[in-house]
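Engineer: Structure incoming, see below.
The values are calculated or read from the model by the stated rules, or taken from the named source; none is laboratory data. The structure presented is a predicted model; accordingly, all values stated were derived computationally and were not measured. Because the Cβ atoms are built from the backbone with ideal geometry, glycine has one as well, and the counts that use them run over all protein chains shown. Note: accessible area is taken over every heavy atom of the protein model, side chains too, but ligands, DNA and RNA are not part of it. Shrake-Rupley method; radii C 1.70, N 1.55, O 1.52, S 1.80 Å.
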Amino acid sequence: MECAIGGKLKLLSPSIPSFLNSRRLPWDQLRNKRLTTYKFQIQAQNCFSLEVEVEKGGNLGNFNGESLVWPSPSDEIPFWNKEFPCWDVSSDIPVEVNKDAQLLHIIHVTAEMAPIAKVGGLGDVVTGLARACLLRGHTVDVMLPFYECIIKEQISDLTLITSYNSYHDGSWIPTNAYRGVVSGVAIILIQPTNHFFKGRNVYGGSYNELEAYLFFSRACLEWMQVTGTQPDIIHVHEWQTGALPLLYWDMYHSLSLKKPRIVLTIHNMEHFGECSKEQLDKCGLEGSIYASIDKAVDDRTLGHNPERLSLLKGGIVYSNAVVTVSPSYLKETLCSGWLSSALIKHRDKYIGILNGIDNTIWNPASDVFLPAKFHAQNFEGKKLCKYYVQKGLGLPTGAHVTDMTHKVPLVVCITRLVAQKGLHLIVHAIKRVEELGGQMIVLGKAPDAKVEREFEGLANSYNQGCSIRILLIYSEELSHMLYAAADMVLVPSMYEPCGLSQMIGMRYGAVPVVRKTGGLADTVFDMDDQPNHEMGNGFVFEGIDEASLNWALDRAFLYFVDKPDKWKSIVRKVMELDNSWNNTAGKYVEVYNAIRS
Ligand code: ADP
């Protein structure tokens, strides 16, 4: 726990002894005093502070977590909603990153960016990749809609920079562009003065989403044209910005934008941006021109009445390079799915690059949301995180933070609750973990009302018990605490283009239990796979049935309970793995360089 106590002291109570009134903790004096109960705040490295209660005779020199003010399920404010210190990740720069020889200007155009507008991995990827390219010396901007739900306080230096008009459905909509900084990355927020992007969530507002993103795609190019901004690369993501390459090559390139080249990253092929010709007309393109097999028609509807277009397919055809988020998902998408014929046709510009995670944003040694910090060389603090979360959610704990007899593994599953994520296996895992005598926490949000009701039902029955907690909310803060508390992170996806949850889990010392698909197959290797034993970093199953999941989960539990030393070495190993963007951003830079004009 030395990281939890090696900090400064900020007094809360005016009546405590004067020796406490010091900027540094006087450990020796504290050790020798017989104290009654005092409450004060510890401010550890990176400005994390926590309230500490020293009991009579308390011994902070042997800080063992007993002196923390433990959260409880009856707290008025849940522990993950408490105020946390602001966290300026931009100042926390790894020193060893080399600058690239050719420096580029890259503009991401995206529907999500963490943490201001994050729903899933797309938001993490945009921020992480942008930050990695910045470190390599490039100029990077991120353009995204100014969703009404964005919390403005999370943006530094927010300033209105341009007021202009952008086309939609026969009129020119007055539009504002704001500049700001998020996690050290320059952002440009596009705010139309109509009803688009209003509402309490990133997605699912009461406006036509497809038309809003068509508008956004054009408004970004319009802004570049109006301001004379000509980046080397416009990097678009997912179907939401799939129309931008069409708009660029068939409209803005013949106007004033000459320099940019376009990269499309597909994070999930399931969402392909179904669009009618008439809807495409609304952004100023002539929809019927794109209704052919070599352009944007959805192959399955060719010759039907009506035919449909796919913005994602249009993006594949019109971009200079197309990336997907893991080598295994690349193979899977070339072999199955209706988009495979377009991808095969454009195989020479289609590449798989494994996502990374941002090692600064996801760092258990400095994470402001954690009650104790830890790292691969000393992960004692992880025990405290587990104890803290158990206390806060009313799960049984050991007698003490360091109680070695408490061998109850904690499994977490942090996910959007959608069919892709293997809902039936998540439900089964809840049952199985309980049978095995473990604990499990599911943190998830279901965009579909039927799924939400199903999980609400489960939460109502299981949350009364003493081993399972199902929390149907989105909380970035809680997700950090759960990864830190977890012994295992479960990702039983039916398909998974890349998956960040297993990588984040590993960074926080949670051993992954995953289904072998897509990026999970590229990042997690089974402990018991004898020929590749040295690669082993988790527990992997292949089938989509319950028995397959049991096989992996049961083995993980056996290791945890029966082989504590081995378990410790796996925890250390997964924490030491480098799944960061520093490893993979270079592959994107190679793609950028290969296509730039
Ligand atoms: P996907 O992009 O399909 O949602 P990923 O595993 O690539 O899946 O990324 C999911 C990201 O979203 C991770 O950062 C994960 O921690 C986060 N996440 C998912 N659900 C929640 C939630 N309910 N609360 C907080 N974070 C969540």
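Engineer: Angle check, please: helix 380-393 long axis (alpha carbons) against the longest principal axis of the chain (alpha carbons), in degrees 0 to 90, nearest 10.
Structural biologist: 80 degrees
Engineer: Okay, moving on. What residues from the range 287-329 fall in the zone where the backbone N is under 15 Å from a label point 7 Å along the Cα-to-C-beta line of ASP281?
Structural biologist: Counting only backbone N, you get 287-291, 306-309.
Engineer: Let me ask another. Expressed as a whole percentage, what fraction of the accessible surface of the chain belongs to carbon and sulfur atoms when a 1.4 Å probe is rolled over the protein heavy atoms?
Structural biologist: On the chain, the fraction of accessible area on carbon and sulfur atoms equals 50 percent.
Engineer: Limiting things to C-alpha atoms, what are the Rg and the maximum Cα-Cα separation (Dmax) for the range 73-132, in angstroms?
Structural biologist: Computed over the Cα atoms of the range 73-132, radius of gyration and Dmax are 16.6, 56 Å.
Engineer: May I ask for the angle, rounded to the nearest 10°, between helix 476-485 and the longest principal axis of the chain, with both axes built from Cα atoms and the value confined to 0 to 90°?
Structural biologist: Approximately 50 degrees, to the nearest 10.
Engineer: From the backbone phi of the range 174-185, what are the Karplus-calculated ³J(HN,Hα) couplings (6.51 cos²θ - 1.76 cosθ + 1.60, θ = phi - 60°) in whole Hz, Gly and Pro given as x?
Structural biologist: Each residue of the range 174-185 in turn: x, 9, 10, 10, 10, 10, x, 9, 10, 6, x, 9 Hz.
Engineer: For the range 453-462, what does the Karplus curve 6.51 cos²θ - 1.76 cosθ + 1.60, with θ = phi - 60°, yield as ³J(HN,Hα) per residue in whole Hz, taken in order and with x for Gly and Pro?
Structural biologist: Taking θ as phi minus 60°, the curve returns 4, 4, 6, 4, x, 5, 4, 4, 7, 6 Hz for the range 453-462.
Engineer: Also: Counting each DSSP H run of 4 or more residues in the chain as -39500 (n - 2.57), what helix-only mean residue ellipticity at 222 nm follows after dividing by all residues, to the nearest 500 deg cm²/dmol?
Structural biologist: Mean residue ellipticity, 222 nm, calculated: -9000 deg cm²/dmol.
Engineer: Out of the DSSP beta bridges found with both residues in the chain, what percent are antiparallel (nearest 5)?
Structural biologist: In the chain, DSSP labels about 40 percent of beta bridges as antiparallel.
Engineer: How big, in percent, is the set of alpha carbon pairs in the range 527-597 lying more than 16 Å apart?
Structural biologist: 64 percent
Engineer: Compute the long axis of helix 546-562 from its Cα atoms, compare it with the longest principal axis of the Cα atoms of the chain, and write down the angle in degrees, 0 to 90, nearest 10.
Structural biologist: Relative to the chain, helix 546-562 is tipped by roughly 30 degrees.
Engineer: Another question, if that's okay. Find the accessible area per residue for the chain; the probe is 1.4 Å, ligands and nucleic acids are left out, and the unit is Å².
Structural biologist: Solvent-accessible surface per residue comes out at 40 Å².
Engineer: What Kirkwood radius, in Å to one decimal, follows from the Cα pairs of the chain?
Structural biologist: By the Kirkwood definition, the hydrodynamic radius is 25.6 Å.
Engineer: What does the range 428-524 give for Rg and for Dmax, in Å, if only its C-alpha atoms count?
Structural biologist: In order Rg, Dmax, the Cα atoms of the range 428-524 give 13.6, 38 Å.
Engineer: Let me ask another. HN-Hα J couplings of the range 362-376 from phi, Karplus 6.51/-1.76/1.60, θ = phi - 60°, integer Hz, Gly and Pro as x?
Structural biologist: 9, 9, x, 7, 9, 5, 5, 7, 8, x, 8, 9, 7, 7, 4
Engineer: Once amide H atoms are built 1.01 Å from N in the peptide plane, which residues 5 or more positions from MET143, or in another chain, come under 5 Å H to H?
Structural biologist: For MET143, the qualifying residues are HIS108, VAL109, THR110, ILE188.
Engineer: Taking H placed 1.01 Å from N in the peptide plane, check which residues at least 5 places from TYR167 or on another chain put their amide H under 5 Å from its amide H.
Structural biologist: ILE173
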